[in-house]
1. Please verify whether residue B:133 is in contact (Cβ under 8 Å) with a residue 40 or more places away in the chain and either at the interface with another protein chain (Cβ under 8 Å from one of its Cβ atoms) or touching a strand residue (DSSP E or B) at 6+ places or on another chain (Cβ under 6 Å) (or both), treating the condition exactly as stated.
2. Among the residues of region B:82-100, how many are open to solvent by 10 Å² or more (accessible area, probe 1.4 Å) and assigned to a loop (DSSP other than H, G, I, E, B)?
3. Answer yes or no as to whether residue A:179 is closer than 30 Å to residue B:69 by Cβ, aliphatic (A, V, I, L, M) and surrounded by fewer than 21 Cβ atoms within 10 Å (Cβ to Cβ).
4. Got a sec? Which of B:264, B:250, B:214, B:257 is aliphatic (A, V, I, L, M) and modelled with pLDDT of 85 or more?
5. Can you name the residue in region A:159-174 that is more than 7 Å from chain B (Cβ to nearest Cβ), free of Cβ contacts under 8 Å to residues at least 60 places away in the same chain and of a type in the set (Ser, Thr, Tyr) and, of all such residues, is least open to solvent (accessible area, probe 1.4 Å)?
6. Given (1) surrounded by fewer than 24 Cβ atoms within 10 Å (Cβ to Cβ); (2) within 13 Å of residue A:25 (Cα to Cα), identify the lone condition not met by residue A:233.
7. Can you say whether residue B:77 is surrounded by 23 or more Cβ atoms within 10 Å (Cβ to Cβ), assigned to a strand (DSSP E or B) and either modelled with pLDDT under 90 or in contact with a Phe, Trp or Tyr (Cβ under 9 Å, 6 or more places away or on another chain) (or both), as far as the supplied structure shows?
8. Take the residues in region A:72-84 that are touching a residue at least 60 places away in the same chain (Cβ under 8 Å) and not aliphatic (A, V, I, L, M); name whichever of them is surrounded by the most Cβ atoms within 10 Å (Cβ to Cβ).
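The values are calculated or read from the model by the stated rules, or taken from the named source; none is laboratory data. Fair warning: this is a prediction, and the values are worked out from it, not measured in the lab. When we count neighbours, we look across all protein chains shown, and the Cβ atoms used for this are built from the backbone with ideal geometry, even at glycine. Calculation scope for accessible area: heavy atoms of the full protein, side chains included, ligands and nucleic acids excluded. Shrake-Rupley method; radii C 1.70, N 1.55, O 1.52, S 1.80 Å.
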Amino acid sequence: MIDLVRPWHYAFFVHGIIAATLVGGLCGLIGAYVVLRHMSYIGHGLSHAIFGGAVVSYLLQWNFYIGAGLYGFLAALLINATARKRQIGADAAIGVITTASFAFGVALISRVRHFTTNFEAALFGNILGVTTTDLWVIAGVSALTVIALFFSYKQMLFTTFDPEVAPTYGVPTQKMETLFALILASALIASMQVMGVTLIAAALVIPAVIGRLLTDRFSKLLLLTTTIGALCGLTGMYTSFYIDVASGATIVLTAAAVFAVVITITLVQQRRHGLKAGLGKQAVLVQSNDSHLF
Amino acid sequence: MEPLISFNHMTCGYDDQAVLEDITLQIMPGQFVGLVGPSGSGKTTLLRTLMGMVTPAAGSVEVLGQRVQGRAPARIGYVPQLETVDWNFPVTVEEVVLMGRTMRSGIWPWPNRETRAQMATILDQLGIGALAKRHIRMLSGGQQQRVFLARALLSDPKLLLLDEPTSNVDIRTRDEILHLLADINRDGIAVVLTTHELNSVATHLPWVICLNRAVIAQGRPNHIFTTEVLSRTFNAEMMVIKQGDLLLVADRPHGFADLAASNAGLEDIIADARPGTRKSHTQTHLPSEPYHTHQ
């Protein structure tokens with residue numbers, strides 16, 4: 001029988017599972033907004049941009065969170081501003097700005113060859129190396145994000161649903177865009193240590209897509225995506241301990257498995273519903289034909 | 001009386017290209033106005049200047065005595081074209097309607113009791129009270145239009161701006177929407193809408209502005225809907241048929257005689273609408289005299 005308590009004897013696991021659950025919930029919450037803004041790849045792109053910022057902050061001997069945070073925030077604002085240009089669009093803006101920033105980081109690493117820091121953790125995540133400071137940062141960013149999104153709920157909803165019309169109802173859409181860029185950059189920086197640059201997009205997108213399949217109501221969607229993200233983090237972390245597979249990858253695969261199950265159930269339900277509706281229509285037709293017969 | 005809307009020699013456009021030139025126009029409080037013109041004539045742009053979404057390159061725009069500069073004036077309710085709405089967005093009817101009170105219903109994410117009561121009243125008035133919990137995609141075209149109208153009304157507007165409210169809906173829904181707007185207008189709210197539906201405008205609207213980069217004419221439909229004005233507005237040959245109070249506008253198809261000749265051998269098939277019957281009868285087509293005009 002599996003001893004579910006055993007992992008809790010290890011401090012690295014306790015840190016890891018708290019971080020994975022918080023990051024899962026945080027990315028799930030923000031992911032709902034990201035997906036609805038049709039910017040699914042901003043997480044992927046922005047985490048690459050932040051990688052460039054991490055290298056720069058290391059070279060300038062700045063604190064990682066401050067340096068990379070500032071860099072990520074500016075990149076997010078630049079993406080927003082570029083995406084508003086009709087000729088370019090959000091996907092292309094993400095592609096240009098974030099890959100350029102990533103390339104800048106790689107160029108710096110290749111130019112300055114005396115790095116003592118290993119950037120692999122930033123690229124692929126190192127959930128088992130999460131420190132107490134990292135945990136405090138993740139908890140702080142999560143709490144601030146929840147507070148900010150709670151009090152800007154109505155404005156953020158209108159801005160996400162219809163950014164063109166929202167200003168005519170007095171909604172400060174520019175401020176909302178800036179606030180969201182700040183939240184997104186902070187969340188990605190806090191999550192990078194756990195998920196890594198390469199897997200962060202999945203933590204943002206998959207819970208949001210699952211939630212969208214389960215509800216048509218925005219307020220419910222936010223609760224669902226946060227819960228799904230947190231549960232996938234928790235389950236994935238636990239599973240990775242027992243099957244001895246990289247934690248970040250296990251978390252993403254857990255979320256993907258949940259998605260596969262939900263979409264299968266949804267499709268079966270839709271098919272049954274469609275069949276019932278079809279039979280209903282046929283019954284009505286038969287009935288109406290019968291009425292002509294008699 | 002002070003005008004509700006005032007355009008003073010206003011010129012505006014996008015990327016250095018003028019869409020509207022030297023517009024001077026006044027709309028009074030409580031008016032019900034239709035903006036007609038072809039695609040690209042500047043109808044939507046005119047609405048956008050009123051909401052501060054487009055900044056005039058020359059001249060000025062005033063709403064309720066205040067110059068519009070970069071931001072929407074207070075107490076304007078805007079109903080966008082339904083084609084611009086993201087119908088897959090997870091949002092219910094009541095969530096959309098409550099957006100109309102985003103900035104005036106406290107700091108909490110949920111609406112206060114007063115806002116909720118007002119929303120319920122408006123939804124009932126518009127006949128969609130029972131649909132509050134439904135997703136917006138699950139509604140008919142007319143119901144969807146009412147949802148966005150309800151959102152605008154919840155913002156307690158003095159001026160209602162509607163962009164193509166009658167496009168892509170059937171004739172009955174179109175009539176219902178226009179009657180609904182007339183009722184709203186009777187409650188003292190000025191209504192300005194854009195439309196391509198000249199015959200509906202002629203029937204329902206008391207005042208029309210013909211627009212094509214400039215104001216071609218404005219006035220009562222039966223006064224300004226003439227062959228000359230409409231041909232200038234639409235840059236196409238238009239025919240106006242008047243019979244008593246009835247006004248009918250039609251465009252003249254190119255090469256109609258040739259088309260009619262090539263279809264002369266065909267017969268119209270009109271299905272019998274009586275239940276249980278499958279018969280149909282034919283009607284002889286008379287291509288040589290398609291229109292009966294009374295000028």
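1. yes
2. 4
3. Taking the combined requirement at face value, the residue satisfies it.
4. Testing whether each residue is aliphatic (A, V, I, L, M) and modelled with pLDDT of 85 or more leaves just B:214.
5. A:159
6. (1)
7. The answer is yes for residue B:77.
8. Here the residue is A:72.
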